[in-house]
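Enquirer: Just passing along the structure, written as structure tokens.
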Amino acid sequence: MLTNHLVLAGGGHTHALVLLRWGMNPHLRPKCMITLVNRDSTNTYSGMFPGVVSGKYKFEDIEIDLIQLSNFVGISFIKAEILGIDPYERDLVLDGRLSLKFSHLSLDIGSETFADPDSLKLYEKDLAVSIKPFNKSLHWIEGFDNEHKSIDKAFNVIGSGLSAIEISLALRKRWPKRKLNLQVHPEKLNYNFRKVLINSKINLISTKEKILGPSLLCIGSKSTNWLKDCGLPVNNTGRVLTSNTLQVINFPNIFAVGDCGVIQNDERPPSGVWAVRAANPLAKNIELCLRGLKLLRWKPQKNA
């Protein structure tokens, strides 16, 4: 096995910022081989996606060019789908490629929409699409643009979180006159959000009602399925459990951040806010770990 080969699995927000730190401060970059692996050569900055839906940005405006970033830092980039990890043999399993050996691994592979159309009250399940992956849901939304002047044909958003609220308001900007429904758990919607949505002429529908027409699913997230089967400790949504140094429990050479990782006994919801905040402590602890020094403890902010 290679000595000190750091593999960054996934080009999420945290890893992108870690690489930016090393590119702008080359003396901080670990003095070893580093490889970034991601299924695509770009990644989407999720916080700006509602702006794309509303028409404020173009999709290419919110894409992070991972190849350009890797070249800037001076590391290798591999475009490949990750199929699993063998934490004992220290192998990253890739689709259509030989496994990649690592001495140290950092996971930032994001999450998938926690959506099962069969469990939802939908008349037309084939018209239900998850918000992730963003490029696919945007293409699907664009398919309804020619109907935006229709007052009678409703478009539905399902979800009670901030993502569903932001997307609903972005769709109102995109389609000023179209009938929009937001299906929510009423108890999860505070007064201010309710007021803004009603003033924006977005109809609030109870989760007990069955809905008709196209439906965009913004109902939480879960980790990719293979994470639960690779031998790493996970919580009930499949997120990898770490200590407050961001090292995976019982696997000190593996780190996990973003939507796919969570600090044991100090959990925060999956959100880009915490992914961005984790970049600095992750970078510092990777640097310290590879030098054999004591790592720093991180306590994420409580609210976002």
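The values are calculated or read from the model by the stated rules, or taken from the named source; none is laboratory data. These numbers were taken from a predicted model, which means no experiment stands behind them. Methodologically, a virtual Cβ is constructed for each residue, glycine included, from the backbone with ideal geometry; neighbour enumeration extends over all protein chains shown.
Enquirer: With the range 144-206 as the region, which strands (runs of 3 or more DSSP E) entirely inside it contain at least 2 residues that are surrounded by fewer than 17 Cβ atoms within 10 Å (Cβ to Cβ)?
Expert: So the answer is 202-206.
Enquirer: Hey, can you tell me all the residues within the range 14-60 that are in a strand (DSSP E or B), touching a helix residue (DSSP H, G or I) at 6+ places or on another chain (Cβ under 8 Å) and among the polar types (S, T, N, Q)?
Expert: Within the range 14-60, ASN38, THR42, ASN43, THR44 meet the criteria.
Enquirer: Another question, if that's okay. What's the number of the only condition in (1) within 17 Å of LEU107 (Cβ to Cβ); (2) outside any loop (DSSP other than H, G, I, E, B) that LYS284 fails to meet?
Expert: It fails just one condition, (1).
Enquirer: Please pick out the residue among ASN43, ASN25 that is surrounded by fewer than 20 Cβ atoms within 10 Å (Cβ to Cβ) and out of contact with any His (no Cβ under 7 Å at 6 or more places or on another chain).
Expert: So the residue among ASN43, ASN25 that is surrounded by fewer than 20 Cβ atoms within 10 Å (Cβ to Cβ) and out of contact with any His (no Cβ under 7 Å at 6 or more places or on another chain) is ASN25.
Enquirer: Also: What about PHE77, is it touching a strand residue (DSSP E or B) at 6+ places or on another chain (Cβ under 6 Å) and among the aromatic types (Phe, Trp, Tyr)?
Expert: The answer is yes for PHE77.
Enquirer: A further question follows. Just need a number here: residues in the range 249-278 that are surrounded by fewer than 24 Cβ atoms within 10 Å (Cβ to Cβ) and modelled with pLDDT of 95 or more.
Expert: 5
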